[in-house]
């Protein structure tokens, strides 16, 4: 069972529906017992970094996620959920993140293009990973981008004013800046590969 973490932010229901569509057993929950027994965890999210971390801390979910990752459970962060995997963000004065992937989240340098970045962009594969085997277009909605300290954590990048990291993996921790649940066939394929990793 894959648990979609309910911390009061983001598109939890659409992620759950996409997982069910590709044949996975999925459940939205903030119950530590459910999250503790899940074979995979998905951290979705839309909104501000600081509020996301505050919600995770208040619910006791931040420490639970760190514990499950340490125990080897696969975790996939989506959009804000990916950003929260990092050490910190500069958004709204700055806030600490989960610290599961070394690096910082900073405002996207769009070079005069409209921000937030909204639309389909080709993702270039920097190295193969379990959840992404080839580049493809995916649907992005964001104003901030992650900057991993270790280039080995970068799986995929895309271009919008600057080239930025949009897919990461560090051991059993995965993240995508785009929305796979809104990215048609390629997005569903990515979720299916994550479900296979979790199984």
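The values are calculated or read from the model by the stated rules, or taken from the named source; none is laboratory data. What you are looking at is a predicted structure, and each value in this text was computed from that prediction instead of being measured. In this analysis, Cβ positions are derived from the backbone assuming ideal geometry, glycine residues included, and neighbour counts consider all displayed protein chains.
Brief remarks on what is shown
Here's the yes/no breakdown for (1) at pLDDT below 95; (2) touching a helix residue (DSSP H, G or I) at 6+ places or on another chain (Cβ under 8 Å); (3) not in a strand (DSSP E or B):
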{"residue": "98", "(1), (2), (3)": "no, yes, yes"}
{"residue": "110", "(1), (2), (3)": "yes, no, yes"}
{"residue": "122", "(1), (2), (3)": "no, no, no"}
{"residue": "134", "(1), (2), (3)": "yes, no, yes"}
{"residue": "146", "(1), (2), (3)": "no, yes, no"}
{"residue": "155", "(1), (2), (3)": "no, no, no"}
{"residue": "158", "(1), (2), (3)": "no, no, no"}
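- Cβ-Cβ distances below 7 Å connect the following pairs, each with a first residue in segment 137-164 that is without any contact (Cβ under 8 Å) to a residue 12 or more places away in the chain, a second residue that is surrounded by 13 or more Cβ atoms within 10 Å (Cβ to Cβ), and a separation of six or more residues or different chains: 163/157.
- Residues that are under 17 Å from the mean Cα position of the chain (by Cα) and in contact (Cβ under 8 Å) with a residue 40 or more places away in the chain, drawn from segment 109-119: 117
- Among the candidates 141, 168, residue that is in a strand (DSSP E or B) and touching a helix residue (DSSP H, G or I) at 6+ places or on another chain (Cβ under 6 Å): 168
- Check on residue 197, assigned to a loop (DSSP other than H, G, I, E, B), over 13 Å from the mean Cα position of the chain (by Cα) and surrounded by fewer than 20 Cβ atoms within 10 Å (Cβ to Cβ): no
- Tally of residues being over 29 Å from residue 90 (Cα atoms) and part of a strand (DSSP E or B) across segment 1-27: 3
- Taking segment 161-176 as the range and being more than 20 Å from residue 40 (Cα to Cα), surrounded by fewer than 21 Cβ atoms within 10 Å (Cβ to Cβ) and at pLDDT 95 or above as the test, only 163 passes.
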